[in-house]
Amino acid sequence: MKKILLSVLVILVLLTSCSGVSNNTIKIGAMLPLTGDASQYGTEFQRVAEIAAQEINDAGGINGKKLEIIYEDSKCNPKDGATAAQKLINVDDVKVILGGACSGETLGASPIAEQNKVIILSPSASSPDITNAGDFIFRTNPSDAFAGKVAAEKAASMGFKKASIIHENTDYAQGLKRVFEQVFKESGGEVVSVESYSSEESDFRTQLAKIKAANPDVVYLVPQSPIKGGLLVRQLKEAGVKSQLVMDAIMLRGILKDLGSQLEGVIGVEPKFDEKGPIAAPMLSKYKAKYGEVTFGFYDSATYDAVYLIAEALQKYGENAEKIRDYFYSIKGRPGAIGEITFDKNGDLLMKFSVEEVKNGQLVVLE
Amino acid sequence: MSLLLQLLLNGLIAGSIYSLVSSGFSLIYQVNKFMNFAHGSVLALSAYLFYSLSSMTEFALFFLPIIPIISGFIGLGLNRSIYRSLRKGKSTSGVLLIASIALMILLNALIQSIWGAAVRIIQVKNPIFEILSLRITLVQICIIVFSISIFFILYFLMKKTKLGKAMRAVSDNKEVAQTIGINSEKIYDYIFFICSAIVGAGGVLIGIEQNLSPQMGIALVIKGFTGAVIGGLSSIQGAIAGSFILGILENLGILWLPSGYKDAISFIILFLFLLIKPSGLFGKKMREA
């Protein structure tokens with residue numbers, strides 16, 4: 001009996017694996033944080049990617065073939081990013097990878113993709129280090145070299161002289177911290193304390209007590225995920241720090257609904273984005289109808305655009321990564337959900353930023 | 001000066017949080033002779049259950065005494081369904097340890113699939129008290145008081161009650177305890193129920209204090225484990241004292257070191273104890289389990 005069951009199982013496994021090799025699909029990879037604190041990004045982006053793939057397949061697919069996305073959990077860190085890329089490239093034999101959402105996982109995967117001549121197109125990895133990560137590495141969101149600069153200049157223009165920074169020990173957060181520190185000093189300010197914490201920690205009271213003792217005018221917060229952002233703001237208030245708070249608006253969006261009242265007056269920076277744009281609006285309403293509330297409108301749009309760019313390139317050049325790379329570099333002013341898409345010579349996206357403030361539980365654009 | 005005192009207070013709060021995990025962790029280790037890492041996931045699960053129940057009604061506090069009972073039964077269920085059958089198969093403590101890690105990952109995945117990855121916040125009024133420029137919230141005071149009372153309750157339970165004596169007998173020598181008529185499986189059930197109830201109540205308090213995330217149990221069980229090793233895995237009072245020492249050292253340490261080293265401090269202490277004094281500060285010399 002056992003033998004029969006076993007052979008049935010083997011046959012089933014063989015059958016299912018065979019269907020993957022069929023010629024009616026084009027497979028691309030996706031690496032996203034699907035577990036852990038950062039999975040709030042991954043789960044939302046995965047849904048958006050599926051919406052885009054569905055639309056593409058309903059419209060006839062890629063030269064008659066269906067687009068299929070294989071997801072790997074890259075857990076927001078370089079180690080699992082590398083593992084995910086290895087699996088997608090060596091086992092699934094994909095030529096294009098969507099992701100990662102975090103800078104850490106993207107930087108971990110980049111050398112492997114570069115070596116194997118596989119395209120990486122990230123919707124939300126924003127570390128300045130990704131600019132020089134390789135020839136095959138692209139992103140549909142702007143570098144933090146700009147976001148950190150905008151935040152530091154805003155803080156300086158509000159007349160603040162002393163800044164404290166608290167950041168998570170991850171690639172993304174370290175990148176932003178570096179830019180903010182440099183630009184704030186150049187603008188004539190002084191960075192009076194820099195504190196950090198590891199991703200596993202949820203008790204920042206001692207770091208915050210040190211910040212309080214340094215008595216800054218403004219505190220720049222760089223968590224890796226909204227979960228930690230909410231906790232930081234809360235513990236800052238509990239510690240009695242009354243300085244102006246500045247952070248990436250993506251973190252605020254993730255916690256606005258639950259922590260709205262505590263976030264009053266916090267300043268957020270994010271790429272300028274029109275959610276009522278001709279491509280973004282239908283996509284976002286489709287998302288709302290299917291899954292409820294949209295949290296990361298801009299980055300969802302960036303994911304959506306990334307899937308479409310990949311499909312377009314595959315349609316034109318097949319699975320030839322070098323031609324796809326050249327095609328991406330040639331894109332100038334292409335309309336997308338995030339607005340106009342233009343890659344620079346490093347595969348980075350050029351965009352404007354907006355500075356926002358939380359007022360009555362909503363992010364209101366200041367400039 | 002006031003910064004130093006505030007850091008000491010922060011260390012005390014952190015120590016109380018760790019001790020809520022380490023007390024049950026070490027009691028299970030003491031009697032069952034294996035490290036139950038799923039303990040942290042029971043904590044997370046309890047916090048999430050409280051979140052769901054309390055968001056349904058206005059009377060969140062009504063559920064406060066119910067959650068530990070539910071958590072107790074969760075622990076009991078894990079013991080009966082998984083650990084008991086492993087023990088029946090004469091599994092070593094190493095196998096039980098691996099099983100508990102697998103359970104921890106499984107329960108975390110379960111939490112994430114039910115409640116999602118987004119941050120969950122238990123909304124309660126949490127006034128802040130300021131005494132001599134030291135700041136502490138009501139929930140933090142509750143955590144400290146609760147962890148100190150657990151220290152005395154467990155002490156009383158183990159030293160003065162019949163159940164406690166039976167637990168110690170099983171812990172000392174399971175075979176001899178059985179020959180004098182103590183049902184060791186029953187004792188294991190009690191242990192899991194009590195320890196899971198404690199960690200469940202702790203989970204609610206920690207959940208209010210630190211917000212909820214599916215991974216919250218993992219970091220806490222590692223800190224709880226470290227605290228238990230410092231104080232002595234084989235002694236509950238030692239484990240609780242060790243947790244306080246860990247919390248205070250960690251928080252005072254980063255007064256001089258960059259704050260990124262906070263976790264490094266606790267792991268260096270862990271290694272030092274494992275190398276130099278594996279039985280911990282207050283533990284008896286460990287026997288091979």
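The values are calculated or read from the model by the stated rules, or taken from the named source; none is laboratory data. Given the structure is predicted, the values throughout are model-derived calculations rather than measurements. So basically every Cβ, Gly included, is an ideal-geometry build from the backbone, and we count neighbours across all protein chains shown. The area values use the complete protein model at the heavy-atom level, side chains included, leaving out ligands, DNA and RNA. Shrake-Rupley method; radii C 1.70, N 1.55, O 1.52, S 1.80 Å.
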Checked against the positive end of the charge dipole of the protein assembly as shown (+1 on Cβ of Lys and Arg, -1 on Cβ of Asp and Glu, about the Cα centre), the farthest of B:12, A:360, A:85 is B:12
Taking R0 as 22 Å and r as the Cβ-Cβ distance between residue B:93 and residue B:162, the FRET efficiency 1/(1 + (r/R0)^6), rounded to the nearest 0.05, comes to 0.25
Counting sequence-distant residues (5 or more places) and residues on other chains, those with an amide H built under 5 Å from that of residue B:234 are B:284
Toy charge model, Lys and Arg Cβ at +1, Asp and Glu Cβ at -1: the range A:250-334 dipole around Cα centroid in debye, rounded to 20, equals 240 debye
Residue by residue through the range B:270-280, the couplings from Karplus 6.51 cos²θ - 1.76 cosθ + 1.60 with θ = phi - 60°, in Hz, x for Gly and Pro, are 4, 5, 4, 5, 4, 7, 9, 9, x, 7, x
Across B:120, B:168, B:135, the residue with the highest GNM fluctuation in chain B (Cα network, 10 Å cutoff) is B:135
Comparing B:107, B:272, B:12 in a Gaussian network model of chain B (Cα, 10 Å), the one with the largest mean-square fluctuation is B:272
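Quick one: with all protein chains in place, what share of the accessible area of the protein assembly as shown is carbon or sulfur, to the nearest percent (1.4 Å probe)?
So the carbon and sulfur contribution to the accessible surface is 62 percent.
Please give the contour-minus-distance gain from residue B:178 to residue B:131: 0.36 nm per residue of separation, less the Cα-Cα distance, rounded to one decimal in nm. Walk me through the intermediate numbers first.
Numbers: separation 47, 0.36 × 47 = 16.92 nm, distance 5.41 nm.
Gain in length upon complete extension: 11.5 nm.
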Mean other chain Cβ within 10 Å across A:192-205 is 6
Test assert for the range B:252-282: residues whose accessible surface shrinks by at least 40 Å² between chain alone and all chains, 1.4 Å probe, equal B:254, B:259, B:260, B:262, B:263
Taking GluC sites (Glu not before Pro) in a DSSP loop with at most 11 other Cβ atoms within 10 angstrom as exposed, one finds the longest site-free stretch of chain B at B:59-287
The extension gain from residue B:110 to residue B:142, computed as 0.36 nm times the residue separation minus the Cα-Cα distance, is 8.6 nm
Probe 1.4 Å, protein heavy atoms only: A and B together bury a total accessible area in Å², to the nearest 100, of 2700 Å²
Which residues qualify? For residue B:137, with a placed amide H closer than 5 Å and at least 5 residues away or on another chain, they are B:129
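If you count only protein heavy atoms with a 1.4 Å probe, what accessible area per residue comes out for the protein assembly as shown, rounded to a whole Å²?
41 Å²
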Sorted list, accessible surface of protein heavy atoms, 1.4 Å probe, largest first, for A:91, B:204, A:364 is A:91, A:364, B:204
Losing no less than 40 Å² of accessible area (probe 1.4 Å) relative to the isolated chain, the residues of the range B:111-134 are B:112, B:117, B:119, B:121
Taking the dipole of chain B about the Cα centre (Lys, Arg +1; Asp, Glu -1; charges at Cβ), the one of B:144, B:23, B:235 that reaches farthest to the positive side is B:235
Residue-ordered couplings for the range A:123-132, obtained by feeding phi - 60° into the Karplus form 6.51 cos²θ - 1.76 cosθ + 1.60 and rounding to whole Hz (Gly and Pro as x), are x, 8, 6, 10, 4, x, 5, 6, 3, 9
Each label sits 7 Å from Cα toward the beta-carbon; between residue A:93 and residue B:57 the label points are separated, in nm, by 6.0 nm
Counting only DSSP beta bridges fully inside the protein assembly as shown, the antiparallel percentage to nearest 5 is 35 percent
About its Cα centre, the protein assembly as shown carries a charge dipole, from +1 on Lys and Arg Cβ atoms and -1 on Asp and Glu Cβ atoms, whose size in debye to the nearest 20 is 2520 debye
